[in-house]
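Everything below concerns the one structure shown next.
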Amino acid sequence: MTSAEAPLILRAARREPTSTTPVWLMRQAGRYLPEYRAMRERHSFLELCRTPEAAAEVTLQPVRRFALDAAILFADILLIVEPLDVGLEFAKGEGPVIHRPVRSEADVARLKPVDVESSVGSVFETVRLVRRALPPAVALIGFAGAPFTVASYIVEGGASRDYLHTKRLMYEAPGAWHRLMEVLADATATYLNGQIDAGAQMVQLFDSWVGALSPDDYRAYVLPHTRSVIRAVRPGTPVIHFGTGTATLLPLMREAGGDVIGLDWRIDLDRGWAAVGHDVGVQGNLDPAALLATPATMRERVRAILARAGGRPGHIFNLGHGVHQSTPIDHVQALVDMVHELSVR
Ligand code: CP3
């Protein structure tokens, strides 16, 4: 495929000029869509993730409804931890729960090695099915959790506010912490490359909760591992590196790597772009809560973000984090159309 025929979003990731700003939405597949809820009546969340035909269907649902420039693989960042035998469950209404959290040196030493093909091989089949079904102009984005965010679930046992168990392990048993991060980084690199071999054209690394760390801790405990994942990704496939609460971490995230850095809404897009450098692209950064406002308000917000991007090549429009469950579908539709309409060059 020549550069001019490549999907808009891949050209934006390479910072080539595009006719409009490409758009996709984090968590664009999910509970705000009735067709997703219908699938969830028939399958548990993990079943949906692990059944290629079902996961492919869920991946395609938002692309059928909205004029998105990319589909994001339907899976979860925690699938990769199942073979570690930590007791992963998605409890009803609670989100992920890890029944045997890893909190000590001995716990880390007991972890089973991750055989990526046997544990997440079904995801590669989902990628093949989706790529075959997608129109050529719509790119397929694969993804994985970044080592810190995945480690935080394994250590905390689920979601957390303060990350006290995680930080204690980091500070008190740095050897065990780095070992855990290496196990995750190795598995994650193999997992992303498996998705790329199966047809993912771009990958996103989600470090959703890394904003809990100070810059010094990020540098010492996270950066080397995230960098090892990103360096291992097959050359030529753009990597989006995303986190939230990262205003003070952006230069270090950029140092860790990525062709595109994902920005949340807590920083103005132009300031975030300046912080990571204009030689990488940026993705963002509408507050997902803005989707609950009227389309007229949304329009002002979209205009403001596009103005801050200033028509510079390398901007991918997205939310600063995932679509909320209570989001009206017609607002999502309006948002996607607005971005294309207001960004015509
Ligand atoms: O369209 C997409 O964006 C793809 C789907 C996707 C899911 N999880 C599906 C999902 C992606 C990219 C993820 C990644 C993921 N999973 C992240 C990083 C992205 C982010 O939002 O920061 C994280 C932190 C997780 C872990 C996770 N999975 C949590 C915290 C939850 C509970 C969320 C909630 O709202 O209850 C999940 C479950 C989950 N992952 C759902 C979906 C659609 C809801 C599950 C359901 O149907 O009940």
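The values are calculated or read from the model by the stated rules, or taken from the named source; none is laboratory data. Note that the structure is a prediction, hence the values are computed from the model and not measured. With ideal geometry, Cβ positions are generated from the backbone for all residues, glycine too; neighbour counts draw on all protein chains shown.
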Fill in the blank from the handout: Checked the stretch 50-77 for anything closer than 12 Å to LEU129 by Cα, β-branched (Val, Ile, Thr) and within 12 Å of the ligand (Cβ to nearest atom); matches are VAL58, THR59
Exercise for the section: Report the residue count in the stretch 100-123 for those that are surrounded by fewer than 21 Cβ atoms within 10 Å (Cβ to Cβ), within 16 Å of the ligand (Cβ to nearest atom) and over 21 Å from TRP177 (Cβ atoms). Expected result: 1
Handout entry: Condition met for GLU47 (farther than 26 Å from ALA185 by Cβ, surrounded by fewer than 17 Cβ atoms within 10 Å (Cβ to Cβ) and more than 12 Å from the ligand (Cβ to nearest atom))
Key = no
Problem - Hits in the stretch 180-193 - residues which are of a type outside the set (Ser, Thr, Tyr) and either in contact with a Gly (Cβ under 8 Å, 6 or more places away or on another chain) or under 14 Å from VAL150 (Cα atoms) (or both) - result: LEU180, MET181, GLU182, VAL183, LEU184, ALA185, ASP186, ALA187, ALA189, LEU192
Exercise for the section: Select from the stretch 317-340 the residues that are in contact with a Ser or Thr (Cβ under 8 Å, 6 or more places away or on another chain) and farther than 16 Å from ILE267 by Cα and list them in ascending order. Expected result: VAL339, HIS340
Exercise for the section: Return the only residue of ALA67, ALA4 being at pLDDT below 95 and surrounded by fewer than 21 Cβ atoms within 10 Å (Cβ to Cβ). Expected result: ALA4
Practice task
Keeping to the stretch 273-287, report how many residues are surrounded by fewer than 22 Cβ atoms within 10 Å (Cβ to Cβ) and in contact with a Gly (Cβ under 7 Å, 6 or more places away or on another chain).
Solution key: 2
Exercise for the section: Restrict the check to the stretch 79-92 and report whether at least one residue is near the ligand (Cβ under 10 Å from one of its atoms), farther than 23 Å from LEU292 by Cα and in contact (Cβ under 8 Å) with a residue 24 or more places away in the chain. Expected result: yes
Problem - Extreme residue, farthest from the ligand (Cβ to nearest atom), among residues of the stretch 23-44 that are within 24 Å of LEU8 (Cβ to Cβ) and in contact (Cβ under 8 Å) with a residue 60 or more places away in the chain - result: VAL23
Fill in the blank from the handout: Result of the Cβ filter at 8 Å on the stretch 144-173, keeping first residues that are without any contact (Cβ under 8 Å) to a residue 60 or more places away in the chain and partners that are among the charged types (D, E, K, R) and part of a helix (DSSP H, G or I), at least 6 apart or interchain, is TYR163/GLU156; THR166/GLU156; LYS167/ASP217; MET170/ASP217
Problem - Residue that is more than 27 Å from LEU164 (Cβ to Cβ), of a type in the set (S, T, N, Q) and assigned to a loop (DSSP other than H, G, I, E, B), where the choices are THR190, THR237 - result: THR237
